[in-house]
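Working notes, structure below.
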Amino acid sequence: MNAEFIQNLPTAEQAIARLRELGMPRRNNELWSFFPVAKIPTPEFMGTDFAVAPTTSPAAAPANQETDFAALLPIANNARPMVREIVAGAAEMAMLKCNNDFGHTVLDIGKGAKVSLEILDNKVAHDIAAERFDINVGEDADVEIFFANPACDLPLRFRHFNINQAAGANVRFSSICKDTAIGRVSVECHLKGEGANFDYRSLHVLEGEASQHSRLTIYHEAPRTTSTQLARNLLSGSARVSYDGSVIVGYDCTGVNSSQLVNTILLSEDASVSVKPVLKIYHDDVECTHGNTVGELDAEQMFYLVSRGIPKKAAQEMLMRSFAQETFLPLPDSPAKKRLMSSL
């Protein structure tokens, strides 16, 4: 077990102290600029009459560096951590499911391990749910993290992932969201070793008044690291999606390659998407790109299908399915790809 990794996790007291310092999320905070922050209930521990033990532990510093309310919320609510070590060279498949409103999972994945992690929903009725995942990935390990759960109507849900990758580590993060309420997935990925690779793919298929938000921050902290972001959205009704993706390339990180692409198809006049790409590059020898497209179903393709006798609704479904499947086609054959493709 990586002792330093475990010791750097904040305690409940440290998390509460930091949340009090940060205050409740506001729209003028760039982390929450697109999120309906008025929907977040104020936790009891934010009140001045709530007693908190003093934070004298030397591990308080990591909590002081946290800036995301959603990352600290499960710990502040005394989520009992599930700590698991996956030893070097192991091959494991696992399904992770939080048993209550707040969950905290800590995984230390050893060198050269091959791991497949599916995250399942806890659908017990509650006003707010928040999960945090701290994942340390050793050298040359290969890890896939994915979720493709049926539509969920929980009022408000947060999921935060903190991922550290050593040299040569490969992580694929893939998700499908069909939820009908408000949610936010945040990912902070640190590519700490040369040759580490992070691949992110998400698909939102939303209708009604669904409001789903993604925030990614990828830190390239070593030479010749790579990252890919591909987000696709199919939105109808008055559904709303936001995508806030940041890539930060450090000094002396030569040969970095990073790409970000967001594609959205709006199926109604009231659906909307907000995209904010951020690139902070502190080295010259890198290749970093970003792009964003928003439109409707291709009129020429629709005409082609309908003119050959395919009913209009069936033609629309064919084009939407093709758009969705393209998100995950580049993935290697694995449990993640099989699960994601079968849910479309």
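Entry remark, region 67-121: residues being touching a helix residue (DSSP H, G or I) at 6+ places or on another chain (Cβ under 7 Å), open to solvent by less than 80 Å² (accessible area, probe 1.4 Å) and assigned to a loop (DSSP other than H, G, I, E, B) number 2 in total.
When Ser259 is tested against (1) over 20 Å from Leu31 (Cβ atoms); (2) assigned to a strand (DSSP E or B); (3) open to solvent by less than 10 Å² (accessible area, probe 1.4 Å), just one condition goes unmet, and that condition is (3).
In region 317-336, the residue that is farthest from the chain's Cα centre (by Cα) out of those that are assigned to a helix (DSSP H, G or I), touching a residue at least 24 places away in the same chain (Cβ under 8 Å) and within 21 Å of His204 (Cβ to Cβ) is Met320. Of all the numbered requirements in (1) touching a helix residue (DSSP H, G or I) at 6+ places or on another chain (Cβ under 7 Å); (2) assigned to a strand (DSSP E or B), Val306 misses one, and that requirement is (2). Among all positions in region 168-183, there is at least one residue which is of a type in the set (Ser, Thr, Tyr) and open to solvent by 30 Å² or more (accessible area, probe 1.4 Å).
Residues that are in contact (Cβ under 8 Å) with a residue 12 or more places away in the chain and on the phi > 0 side of the Ramachandran plot are absent from region 179-190 altogether.
In region 251-273, the residues that are under 21 Å from Ser202 (Cα atoms) and modelled with pLDDT of 95 or more form Cβ pairs under 7 Å with partners that are outside any loop (DSSP other than H, G, I, E, B) and among the acidic types (Asp, Glu), at six or more places apart or across chains, as follows: Asn257/Glu287.
Of all residues in region 122-141, those satisfying the criterion of being of a type in the set (A, V, I, L, M) and assigned to a strand (DSSP E or B) are Ala129, Ala130, Ile135, Val137. The listed residues are Phe45, Phe102, Phe35, and the only one of them that is among the aromatic types (Phe, Trp, Tyr) and modelled with pLDDT of 95 or more turns out to be Phe35. Is there a residue being crowded, with 22+ Cβ neighbours inside 10 Å, over 24 Å from Val137 (Cα atoms) and at pLDDT 95 or above anywhere in region 194-204? Taking every residue of region 194-204 in turn, at least one turns out to be crowded, with 22+ Cβ neighbours inside 10 Å, over 24 Å from Val137 (Cα atoms) and at pLDDT 95 or above.
The values are calculated or read from the model by the stated rules, or taken from the named source; none is laboratory data. As the structure is a prediction and not an experimental result, all values here were calculated from the model. Here the Cβ is made from the backbone with ideal geometry for all residues, glycine too, and neighbour counts use every protein chain on show. Accessible surface areas use protein heavy atoms only, side chains included; no ligands, DNA or RNA. Shrake-Rupley method; radii C 1.70, N 1.55, O 1.52, S 1.80 Å.
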